[in-house]
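What follows is a short report on a single structure.
Just so it is clear, none of the values below were taken in a lab; they were calculated from the coordinates. The model shown is predicted, which means the values in this text are computed figures rather than measured ones. Backbone-built Cβ (ideal geometry, glycine too); neighbour counts: all protein chains shown.
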């Protein structure tokens, strides 16, 4: 099995080959994602694990929430689950995150071959174009009962296929395509946004509370290389909180790379004195400067002023 470092290099190289701009790797711990990537309007947060069962629910919820607030998508790239390697051309799901192998991702990004199969309890399944199936069946005068009999299924099952409320096995899907001589299998969209119930996070940090009082929406993080996504209608800021240190400098540099790909601003608010105004494109703001600000527009002005120094 490939170690995570080699796996990450493979993913990075593939994304660049496919025309994506990618961020610096997230080496700081904890980390809910490893890379950010963008191609035109598609922004993706990518988690990389050799064994995809290593993803826990807390991390999955955080990276999905981050993607939502940054108007992006998220995928997990791995090699195996339990004692089996991921099937090429199949999409797995872990806590709502589409999960694929590197070859499957390569087929999708470089060849335009979207996966047709997804893994779930009990095996591999496909989605059927139910509207087309019903139209073809009616056009050819085939009753639900007759089609069900040919497939060895119930009328209720065929009806569910047509309503797209039930997916089917590969074998049944292939038989349907043979019967009607039409393509009925729908591809799996790796970058489709899944539903996520976003419960408001309690803001416990004093500085984040101050930003909230200014009028920003503040979404705290627990495992990202920044402490919150801070936003209003005109501004999105990856926001860090730290004392001045070597670790803070590394964090600010990584935030600068991430914000460039995410098309946001980035700022670290320092408790105490700072020796610099910015690191890359990350504004470094002392807490005392924040205390003099009255609203969101003044904060935006301060961030832009720091970035231009």
Where does the chain land at 222 nm, in deg cm²/dmol rounded to the nearest 500, when only DSSP H runs of n ≥ 4 count, each adding -39500 (n - 2.57), divided by all residues?
-> -11500 deg cm²/dmol
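Let me make sure I get this right: for the range 206-307, a, b and c are the square roots of the gyration tensor eigenvalues over alpha carbons, sorted descending. Under 1.5 in a/c it's rounded, otherwise prolate if a/b > b/c, else oblate. Which is it?
Rounded shape, in that the Cα axes give a/c under 1.5.
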With the chain treated as a Gaussian network of Cα nodes joined by springs under 10 Å, which of 235, 190, 114 yields the largest mean-square fluctuation?
-> 235
So the pair-distance distribution of the range 4-115, from every Cα-Cα distance in 10 Å bins, comes to percents of 14, 51, 32, 2
Comparing 132, 42, 290 in a Gaussian network model of the chain (Cα, 10 Å), the one with the largest mean-square fluctuation is 132
Taking a crude spin-label model, label points 7 Å out from Cα along the C-beta direction, the residue 156 to residue 135 distance in nm is 2.9
Hey, what angle do you get for helix 170-180 against the long axis of the chain, alpha-carbon based, 0 to 90 degrees rounded to 10?
-> 60
When the Cα centres of the range 12-87 and the range 111-129 are compared, how far apart do they sit, in Å?
-> 20
In nm, the gap between the two label points placed 7 Å beyond Cα toward Cβ at residue 204 and residue 142 is 5.9
Among 175, 47, 68, residue whose mean-square fluctuation peaks in a GNM of the chain (springs only between Cα atoms under 10 Å) = 175
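Can you put 203, 46 in order, fewest other beta carbons within 10 Å first? Mind dumping the intermediate values first?
Numbers: 203 17, 46 24.
Going from least to most buried by this count: 203, 46.
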